[in-house]
Amino acid sequence: MVSERARYSYEYTVFTILEYLFTRKFSEPVSKYHIMTRVRLPSQRPDRVSAIVDLLVAKGWVSLVKTEHASFYQITPAGETEYNRWIKAFLDFARSLYQIEAR
């Protein structure tokens, strides 16, 4: 059984963040703090989540929206394409394994 405190892999964390942004694509952009506190990533260090969000911006899958007081993030069309192409399939597969193990 997977421990509640077990850290997810780097790849799974990337996929989960992108999925969260994809499901909120018609909502307003969100801050890194929002991502760190609202995405289901127990026991992930904030610096790791921050680095992953920066990577998604660098890849062009997430856009950075800067305001006078804060920065916000939103999925791009390229990010949507990646999500639809292979990330969703991977997450479905990973979650199905977890559900089998949790029984």
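General observations
- Filtered residues of the range 50-64 (kept if hydrophobic (A, V, I, L, M, F, W, C), surrounded by 12 or more Cβ atoms within 10 Å (Cβ to Cβ) and under 19 Å from residue 25 (Cα atoms)): 52, 53, 55, 56, 57, 61, 62, 64
- Number of the exception - residue 96 against (1) surrounded by 14 or more Cβ atoms within 10 Å (Cβ to Cβ); (2) part of a helix (DSSP H, G or I); (3) out of contact with any helix residue (DSSP H, G or I) (no Cβ under 8 Å at 6 or more places or on another chain): (1)
- Among the candidates 80, 68, residue that is surrounded by 14 or more Cβ atoms within 10 Å (Cβ to Cβ) and either out of contact with any strand residue (DSSP E or B) (no Cβ under 6 Å at 6 or more places or on another chain) or β-branched (Val, Ile, Thr) (or both): 80
- Within the range 49-79, tally of residues that are part of a helix (DSSP H, G or I) and under 19 Å from residue 13 (Cβ atoms): 12
- All positions within the range 47-58 that are of a type outside the set (Val, Ile, Thr) and touching a residue at least 12 places away in the same chain (Cβ under 8 Å): 48, 50, 55, 56
Here, each number is a calculation from the coordinates, and none is a lab measurement. The structure displayed is predicted, hence computed values, not measured ones. Heads up, the Cβs are rebuilt from the backbone with ideal geometry, glycines too, and the neighbour counts pull from every protein chain shown.
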